[in-house]
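Let me begin by presenting the structure, written as structure tokens, before commenting on it.
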Amino acid sequence: MASTGQISGAPPPKPIPLKDRASIVFVERGQLDVIDGAFVLVDANGVRMHIPVGGLAAIMLEPGVRISHAAVVLAARAGTLLVWVGEAGVRVYSTGQPGGARSDRLLWQCRLATDPDARLRIVRKMFQVRFGEKAPERRSVDQLRGIEGARVRTIYQGLAGQFGVTWKRRNYDPGNWDVSDVPNRCLSAATACLYGLAEAAVLAAGYAPAVGFLHTGKPLSFVYDVADIFKFETVVPEAFRIAGRHAKGRLDGPPDREVRLACRDVFRRTNLLSRLIPTIEELLLAGELPPPDIAPDAVGPAFPDAPQSGDPGHRS
């Protein structure tokens, strides 16, 4: 299919701040293209569905999707993250950066991650924000990771009992989606939604997804760090709720689709997009290493906020 959306000479669209966007959409079975200046999904019958690319934080591309060069360019200009995922989002293959990477932010993040004392302070802050209490004193990063894992297992058991779900343990095979039980599939679909949103925030703020503090050695280590802060107040309860409804025969559609819809609603209800980047900054400042000065020729933020009218504190 030839694209009719020539945008090479068009002025780039002004990105909408991340906090003002909708969260994510999953797309499957069709061709993404720019037609008559619009970002559209065209199905096998030629039916077009318009996607408001500039109003989304991320678009998850499932198997069966093809995307044109023009569509990738428009998404990049609009600052919308494209994520190529497996069925139901259980595997992440690749992502497209929405712009705004900052060398000063990257260098600061790397300094924090490689300084043992700064890293420990950040991990302790993560523990405090996540669980609402200070981390135990005189514990290493590995020890805090073990304490966190024990608490997470307890939370899973509690939610399983609350929603009437038969729960054994967190166990799934990314290479074989169908062998997992329904509760694990619901959890995988839910966390995939949250990871897409967290990665969009990390990239938009100018940081590296791979440079983590509690999680290390993975392409999305920092994404996991950030997502875990919000996981148990957003997507995990929804995953168990949907799994419980499935066990009682009360679902109208496939569990993974119901989970996505529930995650979309909880992201909006908790206003998560407006909280992600400020939380990232709060966590990194806990490392107590001062951020470097911004170079005069540094690239600006991906999603700059418009200047406020009135004095500070003015309610516009």
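The values are calculated or read from the model by the stated rules, or taken from the named source; none is laboratory data. Keep in mind that this is a model prediction, so the values were computed, not measured. Every residue, glycine as well, gets a Cβ built from its backbone with ideal geometry; the counts of neighbours run over all protein chains shown. The protein model used for the area step is the full one, side chains on, heavy atoms only, and it has no ligands, DNA or RNA in it. Shrake-Rupley method; radii C 1.70, N 1.55, O 1.52, S 1.80 Å.
Near LYS248, which lysines are there with a Cα under 25 Å away, not counting those fewer than 8 places off in the same chain? Straight-distance partners of LYS248: LYS168, LYS231.
Accessible surface calculations at 1.4 Å, restricted to protein heavy atoms, place region 35-151 at 49 Å² per residue. Among the GluC sites (Glu not before Pro) in region 117-208, those located in a DSSP loop and surrounded by at most 14 other Cβ atoms within 10 Å of their own Cβ are GLU133, GLU137. Using only alpha-carbon positions in region 35-123, the gyration tensor eigenvalues give semi-axes of 35, 16, 9 Å once each is multiplied by 5 and square-rooted (largest first). When each of the peptides 46-54, 34-42, 152-160 is scored by how many other beta carbons lie within 10 Å of its residues on average, the order from highest to lowest is 34-42, 152-160, 46-54. Among residues other than ALA208 with Cβ under 13 Å from its Cβ, the summed charge is +1 (Lys and Arg +1, Asp and Glu -1). Taking every alpha-carbon pair under 8 Å whose residues sit at least 6 apart, region 54-96 reaches a relative contact order of 43 percent. Note on region 194-286: Cα-Cα pairs beyond 17 Å make up 52% of the total pair count.
Shown is the FRET efficiency for VAL73 and ARG169, computed with R0 = 45 Å from the Cβ-Cβ distance and rounded to the nearest 0.05: 0.55. Spread over its residues, the convex hull of the C-alpha atoms of region 139-272 is 121 Å³ per residue.
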